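Q: Below you'll find the structure I mean.
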Amino acid sequence: MKTKGMGIALLSAAALLGSAVAQAELPWTYVEAGYTKADGSEFADTDALDIKGSIGFANVWHASLDYQDGTTDFDIGPDSDFDGWRFVVGAHPQLTPNTQLVADLTYFNYDFDGGEGSDGFGVGLGLRHSLTDKVELLAEAWYTQTSVDDNSSNPDFDVYNTTVQLGGRYKWTPNFSTGLTVDLGGSGSSSGFFGGDQARFDIRWSFADIVSK
């Protein structure tokens, strides 16, 4: 009887420990640097660098701020430089010991050469999954609305876009990882800026999330 009770206790402890380890393998508090390559059309492509900070808090919440600077190269005409930022806030409740549901809200703002600019908002819904202790996967669908001011005789206009974001990450150490994220679909991306498909490579250093007592 004692042996049976001890076995149940050990199984319960193992389940709790496994859940805690899985959540620790999906930290939301980190800093990272990224490089993005976007193919907007057959006549132009875009390169950009960015730096991003994210914080996970109160068990299921996260927020991040990303600053980006880049250039669009046109086959005809001068290149166009831009910079901007993106803020994201969301929740990541645990679905299974290795999987989190991800629900996000975002606001973004970009400035371009010549005084043009764009800003907008979006919503995202997806899954983040720890495949092994070294590999994690992300899939998220985004809907964004971007208001574009082209600073010319043409009127301002809005762009509505639905994007599928797919990502993978490899953890070289518990804190250091590299990731590749691809945005597919429509005339924009999950960041609300790039036209067409894009790929982003990042280098990340993670920290422990802020957990409520």
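Each value in this text was obtained by applying a stated rule to the coordinates, not by laboratory testing. Because the structure is a prediction, the values reported are computed rather than measured. Reconstructed Cβ throughout: ideal geometry from the backbone, glycine too, with neighbour counts over all protein chains shown.
Q: Pulled fully out, how much extra length does the chain show between residue 133 and residue 203, if you take 0.36 nm times their separation in residues and subtract their Cα-Cα distance?
A: Residue separation times 0.36 nm, minus the Cα-Cα distance, leaves 23.4 nm.
Q: Where does the charge balance sit around residue 128 when Lys and Arg score +1, Asp and Glu -1, over other residues with C-beta under 14 Å from its C-beta?
A: Every neighbour counted, the sum reads -2.
Q: Further question: What is the local net charge at residue 185, summed over the other residues whose Cβ is closer than 14 Å to its Cβ (Lys, Arg +1; Asp, Glu -1)?
A: Numbers: positive: none; negative: 39, 140, 183, 197.
Result for the neighbourhood of residue 185: -4.
Q: Let me ask something additional. Would you mind calculating the gained length between residue 31 and residue 109 on full extension (0.36 nm times residue separation, minus the Cα-Cα distance), in nm to one decimal?
A: 26.0 nm
Q: Among the aspartates and glutamates, which fall within straight-line cross-link reach of residue 134, defined as a Cα-Cα distance under 18 Å, with same-chain neighbours fewer than 8 residues apart omitted?
A: Counting by Cα, and skipping residues close in sequence, residue 134 has these aspartates and glutamates nearby: 25, 32, 202.
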